Amino acid sequence: NQTGTWTGLAFRGSTDAQGKYNGYVYQIDRATATSPPTAVVWKWADGKETGQKVLTYPLVGDPFVGINVNDPNDLQIDVSGNTFTAKLNGSTLGTGSLDPAYKGTSYGVRNGTSKTSTVSDLKLTPAG
């Protein structure tokens, strides 16, 4: 479960010699005045978002009406080779391709600067 704005799952990650993260982050971006809350998988390089959204899924319609990033939500990423599937609260949002040059094996939690979030039940299940 995760709660909070800009909280997400980091995956297929590694840290370079300067300590900067390279990999991917799956998160729920909060609603704005002009857009609904959105599930996004961002590519990261040199410790920051590259601006490349690998997957974008606006959380509108069933079953996402009224979703709140401050309520517990179950984020799940399934990775097989260079393909991932993103799920939210048990619903599949979509699949995407990962850069084959990103071979990192670390995973974890991303939290936005000066944000407070809660994460529970983080687990990694090996394929097979």
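Residues of the range 64-82 being open to solvent by 70 Å² or more (accessible area, probe 1.4 Å) and either part of a strand (DSSP E or B) or touching a strand residue (DSSP E or B) at 6+ places or on another chain (Cβ under 6 Å) (or both), which ones?
Those that are open to solvent by 70 Å² or more (accessible area, probe 1.4 Å) and either part of a strand (DSSP E or B) or touching a strand residue (DSSP E or B) at 6+ places or on another chain (Cβ under 6 Å) (or both): Asn70, Pro72, Gln76, Ser80.
Say whether the condition of being of a type in the set (Asp, Glu) and surrounded by 19 or more Cβ atoms within 10 Å (Cβ to Cβ) is met by at least one residue in the range 26-37.
Our first condition is that a residue be of a type in the set (Asp, Glu); within the range 26-37, this holds for 29.
Restricting the remaining residues to those that are surrounded by 19 or more Cβ atoms within 10 Å (Cβ to Cβ) gives 29.
Within the range 26-37, one or more residues are of a type in the set (Asp, Glu) and surrounded by 19 or more Cβ atoms within 10 Å (Cβ to Cβ).
What is the one condition in (1) out of contact with any Phe, Trp or Tyr (no Cβ under 8 Å at 6 or more places or on another chain); (2) free of Cβ contacts under 8 Å to residues at least 40 places away in the same chain; (3) charged (D, E, K, R) that Asp78 does not satisfy?
That leaves (1) as the condition not met.
For the range 85-102, check the following and say yes or no: at least one residue is closer than 18 Å to Arg30 by Cα and β-branched (Val, Ile, Thr).
Step one: of the range 85-102, the residues closer than 18 Å to Arg30 by Cα are 86-89, 93.
Checking the rest, the ones that are also β-branched (Val, Ile, Thr) come to none.
Checked against the condition, which is being closer than 18 Å to Arg30 by Cα and β-branched (Val, Ile, Thr), the range 85-102 yields no hits at all.
Quick one: count up the residues across the range 6-34 that are touching a strand residue (DSSP E or B) at 6+ places or on another chain (Cβ under 7 Å) and either in contact (Cβ under 8 Å) with a residue 60 or more places away in the chain or polar (S, T, N, Q) (or both).
Quick first cut of the range 6-34, residues touching a strand residue (DSSP E or B) at 6+ places or on another chain (Cβ under 7 Å) only: 6-16, 21-29.
Of the ones still in play, those that are also either in contact (Cβ under 8 Å) with a residue 60 or more places away in the chain or polar (S, T, N, Q) (or both) are 6-15, 22-28.
Residues flagged as touching a strand residue (DSSP E or B) at 6+ places or on another chain (Cβ under 7 Å) and either in contact (Cβ under 8 Å) with a residue 60 or more places away in the chain or polar (S, T, N, Q) (or both) within the range 6-34 amount to 17.
Here's the yes/no breakdown for (1) under 21 Å from Ser120 (Cβ atoms); (2) hydrophobic (A, V, I, L, M, F, W, C):
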{"position": "Ala31", "(1), (2)": "no, yes"}
{"position": "Asp46", "(1), (2)": "no, no"}
{"position": "Leu75", "(1), (2)": "yes, yes"}
{"position": "Asn89", "(1), (2)": "yes, no"}
{"position": "Thr95", "(1), (2)": "no, no"}
{"position": "Gly104", "(1), (2)": "no, no"}
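Need the failing condition index for Lys48 against (1) in contact with a strand residue (DSSP E or B) (Cβ under 8 Å, 6 or more places away or on another chain); (2) closer than 16 Å to Leu9 by Cα, just the number.
The number of the failed condition is (1).
What do you reckon, is Pro100 assigned to a loop (DSSP other than H, G, I, E, B), open to solvent by 70 Å² or more (accessible area, probe 1.4 Å) and over 23 Å from Pro126 (Cβ atoms)?
no
Identify the single condition in (1) in contact with a Gly (Cβ under 7 Å, 6 or more places away or on another chain); (2) in a strand (DSSP E or B); (3) touching a residue at least 60 places away in the same chain (Cβ under 8 Å) that Val109 does not satisfy, given that it satisfies every other one.
Here Val109 clears every test but (1).
For the condition under 17 Å from Leu93 (Cβ atoms), surrounded by fewer than 19 Cβ atoms within 10 Å (Cβ to Cβ), at pLDDT 90 or above and of a type in the set (Ser, Thr, Tyr), what is the one hit in Thr56, Thr15? Please lay out each step first, then the result.
Values: Thr15 fails: under 17 Å from Leu93 (Cβ atoms).
Only one candidate qualifies: Thr56.
The values are calculated or read from the model by the stated rules, or taken from the named source; none is laboratory data. Quantities reported herein were computed from a predicted structural model and do not represent experimental measurements. Counting neighbours? That spans all protein chains shown, and the Cβs are built from the backbone with ideal geometry, glycine included. Just the protein is used for accessible areas: all its heavy atoms, side chains included, with ligands, DNA and RNA removed. Shrake-Rupley method; radii C 1.70, N 1.55, O 1.52, S 1.80 Å.
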